[in-house]
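The values are calculated or read from the model by the stated rules, or taken from the named source; none is laboratory data. Note that this is a predicted model, so its numbers are computed, not measured. So basically every Cβ, Gly included, is an ideal-geometry build from the backbone, and we count neighbours across all protein chains shown.
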Amino acid sequence: MRHDRSVLVAGLSTLLVSAAACSSGTSSSAAAAGNNAMPPSVGPSVNAESMIKAGEYLTIVGSCNDCHTQGWVESKGKIPPADRFAGLDVGFRGDWGTSYGKNLRTVTQRQDEDHWVKVLTTADEGDGKLPMPWWNTAMMNERDLRAMYRYIKSLGPNPKGVPRALPPGKEPTGKYIWVTPKTGS
Ligand code: HEC
């Protein structure tokens, strides 16, 4: 029943063909549908009408905004998409030094999708600092990881700067949260 769409993408990989067969009936260009339609996945994963919708949902329930979107926690999530994921200027200080929730708008513009998957499943090849929950993203379904990338990339570039991570013992100049537990007196 969806022969018209399958014909459009004939010649592309079988993955893209089956992705198009699963896509919603709304008309969009074949290229956009190929990038935004839900490809098949193995194991638990989120279903939505498009990869971008799945990505938006996952970033909210996956708490990604809490540390990567300025004002998300204070406003209880009332930040419009255009202002999401440009990074946090409140540092997370602990035994590792001080880290900052990076500007993922810039990251998704500069890095390709495969690299994003690699970073999130290998804790940035062992270099990733806390409190980024690397152990949780490593457990995510690959389709879900790709959906988050496509959603954040679809928001476009945002040049907001985020302070550089600092080594242990170096005093941050701006605001920070102390993350490593301390024992009260
Ligand atoms: C508790 C805070 C916190 C949460 C929640 C969080 N992050 Fe992070 N994230 C960070 C910090 C801090 C860094 C910087 C780590 C470093 O400097 O190594 C980071 C780094 C990253 C990077 C590496 C960027 C790069 O290429 O250098 C990616 C990608 C990322 N986060 C994606 C996500 C996604 C997707 C989610 C939701 C599933 C998420 N983060 C949730 C705090 C957080």
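Taking only segment 78-113 into account, find how many residues are away from the ligand (no atom under 13 Å from the Cβ) and over 23 Å from GLY174 (Cβ atoms).
Total meeting the criteria: 4.
Between residues in segment 103-114 that are of a type in the set (A, V, I, L, M, F, W, C) and residues that are within 11 Å of the ligand (Cβ to nearest atom) and assigned to a helix (DSSP H, G or I), which pairs lie under 6 Å by C-beta distance while being six or more apart or on different chains?
LEU104/HIS68; LEU104/ILE152
Residue by residue through segment 117-173, note down the ones that are among the polar types (S, T, N, Q), within 20 Å of ILE60 (Cα to Cα) and within 13 Å of the ligand (Cβ to nearest atom). Steps first, answer last, please.
Let us first name the residues in segment 117-173 that are among the polar types (S, T, N, Q), namely 121-122, 136-137, 141, 154, 158, 173.
Applying the additional criterion that residues be within 20 Å of ILE60 (Cα to Cα) yields 121, 136-137, 141, 154, 158.
Scanning segment 117-173 gives THR121, ASN136, THR137, ASN141.
Just wondering, is there one or more residues in segment 160-168 that are free of Cβ contacts under 8 Å to residues at least 12 places away in the same chain and loosely packed, with under 15 Cβ neighbours inside 10 Å?
No; the residues of segment 160-168 include none that is free of Cβ contacts under 8 Å to residues at least 12 places away in the same chain and loosely packed, with under 15 Cβ neighbours inside 10 Å.
I'd like to check which helices (runs of 4 or more DSSP H) are fully inside segment 73-185 and have at least 1 residues that are modelled with pLDDT of 95 or more, touching a Gly at 6+ places or on another chain (Cβ under 9 Å) and among the polar types (S, T, N, Q).
Ranges flagged: 104-110, 134-137, 142-154.
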